[in-house]
Amino acid sequence: MIAGQTTSAVSSSLARTPVVGVVRTDSTSVAREQACALISAELELVEITFTVPDAGELVRELQTVRGESAPPWIGMGSVTTRARAEEAVAAGTDFIVSPNASAEVARVAREAGCYLVIGALTPTEIVEAHELGADLVKVYPLPAVGGSSYLQVVRGPLWDIEMLAAGGFEVDEIPAYRAAGARAFGMAAPLLLDGGGSPRESVARAVALARGDDG
């Protein structure tokens, strides 16, 4: 896909299914199983973090499950340095998620035409991430600092910056974060384990709550 078109396509997918499934494990085989489960559940964005051994190779492998310009989009997370950003681009990542506001990571992502999510917590960090060109600012770890209440307060003066809520909350908590102003939601284990049901059920429920389709 032409650089720039990927950003638009990923943004469209987030509008349809505002949940990013995060695969964070120290086992490549477990990561593969989790990613495939999320893809089978029709989640449109799946993030493979650099905590996964041979993460880049797994991203290349997962890219083969889709067509040239259709979801699922496979991204890479925990992209903390320029070197990791370059490795992610070389692996063919569709989007980059950085936990820190790195100008070098942002530059690599922008030059490659990748959708860019930058992590931040404080108002200063959120504005910095936005100014670096983040398409979406990942506000985390929210549960540790007050959860949806914190997000609501921060969004008061920063209402015009689009934010993704993250940091380890349950599927049932999505409505509270949505009400606080989150546009999207990054989730890991709850999508695979929530309520003891299947990943398909958990993903469908999470996406419905993220869209506000819960009634």
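Residues in segment 67-125 that are touching a helix residue (DSSP H, G or I) at 6+ places or on another chain (Cβ under 7 Å) and among the acidic types (Asp, Glu): Glu86, Glu87, Asp94, Glu104. With respect to Gly147, is the statement that it is at positive phi, buried (at least 16 other Cβ atoms within 10 Å of the Cβ) and modelled with pLDDT of 95 or more true? The answer is yes for Gly147.
The residue list Leu136, Leu142 contains one member that is out of contact with any Asp or Glu (no Cβ under 9 Å at 6 or more places or on another chain), of a type outside the set (Phe, Trp, Tyr) and modelled with pLDDT of 95 or more, which is Leu142.
Assess whether Gly156 counts as being on the phi > 0 side of the Ramachandran plot and not basic (Lys, Arg).
no
Taking segment 171-194 as the search range and keeping residues that are among the small types (Gly, Ala, Ser), in contact (Cβ under 8 Å) with a residue 24 or more places away in the chain and not in a loop (DSSP other than H, G, I, E, B), which one is surrounded by the fewest Cβ atoms within 10 Å (Cβ to Cβ)? Ranking the candidates gives Ala179 first. Just one residue in the set Ile161, Ile118, Ile126 is in a strand (DSSP E or B), closer than 23 Å to Ala15 by Cα and in contact (Cβ under 8 Å) with a residue 12 or more places away in the chain; that residue is Ile118. The requirement of being closer than 19 Å to Asp135 by Cβ, under 12 Å from the mean Cα position of the chain (by Cα) and among the aliphatic types (A, V, I, L, M) is fulfilled somewhere in segment 82-97, by at least one residue.
Every residue, every condition in (1) closer than 25 Å to Ala208 by Cα; (2) crowded, with 24+ Cβ neighbours inside 10 Å, yes or no:
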{"position": "Glu47", "(1), (2)": "yes, yes"}
{"position": "Phe50", "(1), (2)": "no, no"}
{"position": "Pro53", "(1), (2)": "no, no"}
{"position": "Pro72", "(1), (2)": "yes, no"}
{"position": "Glu86", "(1), (2)": "no, no"}
{"position": "Val89", "(1), (2)": "no, no"}
{"position": "Val105", "(1), (2)": "no, yes"}
{"position": "Ala109", "(1), (2)": "no, yes"}
{"position": "Tyr115", "(1), (2)": "yes, yes"}
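Beta carbons closer than 6 Å, at least 6 apart along the sequence or on distinct chains, pair a first residue in segment 85-113 that is acidic (Asp, Glu) and in a helix (DSSP H, G or I) with a second that is modelled with pLDDT of 95 or more and buried (at least 21 other Cβ atoms within 10 Å of the Cβ) for Glu86/Val108.
The values are calculated or read from the model by the stated rules, or taken from the named source; none is laboratory data. In this text, all values refer to a predicted model and were calculated from it rather than measured experimentally. No Cβ is skipped: glycine too gets one built from the backbone with ideal geometry, and neighbour counts run over all protein chains shown.
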